[in-house]
Amino acid sequence: MEFYNLNLVTWFESQVIYHALAHLNREALILCTPATPYVCVGFHQDMPSEVDFLTCKEQNIPIFRREVGGGVVYLDHRQVFFQIVLNRNNSNVPINRERFYRKFLEPVVQTLQDFNLAAELRSPCDLIINSKKISGNGAGQIGECYVLVGNILLDFNYEVMSSIIRVPSEGFRQEYLHQMQANLTTLQSEMGRAVSSEEVIERLKTNFAGTFSLTSTQLDNQVLEQIQKLTPMFQSKEWLMEAGRRLPYREIKVAENCYIREYKVSLDGTNLTCRLVLADQQISKITLSDSNGLISPLLLRRLEYSLLGKRMDFNTLNEACTEAHALSPSNAKNLALTLSGKNVAGTT
């Protein structure tokens with residue numbers, strides 16, 4: 001397998017190189033770090049729904065939309081990237097999704113363990129230390145290849161990340177910042193010292209050599225020509241703004257076991273804003289607010305207490321909303337239907 005130990009590259013190169021190799025059907029491992037910050041959005045995401053363009057423009061942060069899935073991320077020089085390009089006909093590539101991640105993330109787990117950290121895989125593709133995510137990963141198909149991309153956080157700017165996302169309310173942004181600080185960690189936090197990208201890359205190289213037969217090489221003319229060929233598309237407004245998946249509520253993933261959602265629920269006579277933090281599909285935190293002030297704070301707190309800890313299925317939520325005696329039966333049902341993602345006919 002071709003091995004590209006690129007160290008520091010431009011922000012654009014840190015994404016376009018693995019795309020070029022995949023389109024050329026060349027199996028490779030790339031290790032690199034972007035020289036400057038940028039925002040990267042997943043293939044299936046809807047850019048205007050995810051990114052605060054004004055903040056990015058004000059902070060001079062460019063945006064890249066990749067051909068691999070996953071969520072919006074803020075990337076900078078305090079992260080080390082590993083990118084694996086594999087032919088989909090390679091017999092050593094597991095077809096099962098969980099086995100795929102387990103096999104090809106094992107060298108990254110070992111790298112973290114080399115720093116005497118108790119790293120492990122949280123299925124399907126988060127690497128965690130003491131229940132906190134330190135490496136986010138995603139995979140997809142580009143051309144005839146499967147591509148796995150991921151990072152290790154040396155350090156992280158939580159405030160900037162929270163500023164570049166599009167939010168339905170400032171309360172959502174503050175909750176996102178809080179949950180990131182509670183659920184993400186970095187090598188610097190865990191080690192109590194700064195860890196250089198070179199130190200991490202060297203360990204990754206050693207550990208990946210146990211999985212792949214690596215041949216060190218440099219970017220050749222074929223790859224450089226493919227990069228030139230792909231650049232106009234990746235820089236085009238049409239590609240960046242192509243419509244993606246939209247949900248009837250705002251959701252952002254912090255880690256495999258932590259999501260934040262905010263719903264707008266129309267009830268008889270008023271509108272309710274519901275902000276949830278979900279841990280393993282259970283409501284671990286909930287904030288309800290009535291835009292018209294028609295539902296008393298006491299009743300809202302009673303409803304929050306009733307919903308706390310409940311799983312996100314209609315029957316459970318409907319029972320909790322009804323037993324709270326904070327809403328009329330029809331409004332309680334409407335709230336449960338909205339939170340569970342079902343319409344009044346009970347279909348998803």
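L300 satisfies every condition listed in (1) free of Cβ contacts under 8 Å to residues at least 40 places away in the same chain; (2) touching a helix residue (DSSP H, G or I) at 6+ places or on another chain (Cβ under 9 Å); (3) open to solvent by less than 70 Å² (accessible area, probe 1.4 Å); (4) over 28 Å from E50 (Cβ atoms) except (2).
Taking every residue in segment 251-278 that is open to solvent by 30 Å² or more (accessible area, probe 1.4 Å) and pairing it with any residue that is in a strand (DSSP E or B) and of a type in the set (S, T, Y), at least 6 positions away or on another chain, the pairs with Cβ-Cβ distances below 9 Å are E251/Y259; K253/Y259; K264/T273; R275/Y263; R275/T287; R275/S289. Kindly check whether there is at least one residue in segment 109-125 that is within 30 Å of F53 (Cα to Cα) and among the acidic types (D, E). No, the conditions are met nowhere in segment 109-125. A residue that is under 30 Å from N92 (Cα atoms), of a type outside the set (A, V, I, L, M) and at pLDDT 95 or above occurs nowhere in segment 167-185. Any idea which residue in segment 167-203 is farthest from R97 (Cα to Cα), counting only those that are touching a residue at least 12 places away in the same chain (Cβ under 8 Å) and in contact with a helix residue (DSSP H, G or I) (Cβ under 6 Å, 6 or more places away or on another chain)? The selected residue is A194.
The single condition among (1) open to solvent by 30 Å² or more (accessible area, probe 1.4 Å); (2) farther than 21 Å from I252 by Cα; (3) not in a loop (DSSP other than H, G, I, E, B) that I201 does not meet is (1). None of V80, V39 is under 21 Å from the mean Cα position of the chain (by Cα), over 25 Å from E120 (Cα atoms), of a type in the set (V, I, T) and buried (at least 19 other Cβ atoms within 10 Å of the Cβ) except V39. When K285, K342 are screened for being open to solvent by 40 Å² or more (accessible area, probe 1.4 Å), closer than 23 Å to Y259 by Cα, assigned to a loop (DSSP other than H, G, I, E, B) and not polar (S, T, N, Q), only K342 passes. Only one entry of N60, N5 meets the criterion of being on the phi > 0 side of the Ramachandran plot and at pLDDT 95 or above, and that entry is N60. Taking first residues from segment 74-93 that are under 15 Å from G143 (Cβ atoms) and at pLDDT 95 or above and partners that are part of a loop (DSSP other than H, G, I, E, B) and polar (S, T, N, Q), the Cβ contacts under 7 Å between residues at least 6 apart in sequence or on separate chains come to N87/N25.
The values are calculated or read from the model by the stated rules, or taken from the named source; none is laboratory data. In this text, all values refer to a predicted model and were calculated from it rather than measured experimentally. Positions of Cβ are backbone-derived with ideal geometry, glycine not excepted, and every protein chain shown enters the neighbour counts. To get the accessible areas, we keep the full protein, side chains included, count just its heavy atoms, and leave off ligands, DNA and RNA. Shrake-Rupley method; radii C 1.70, N 1.55, O 1.52, S 1.80 Å.
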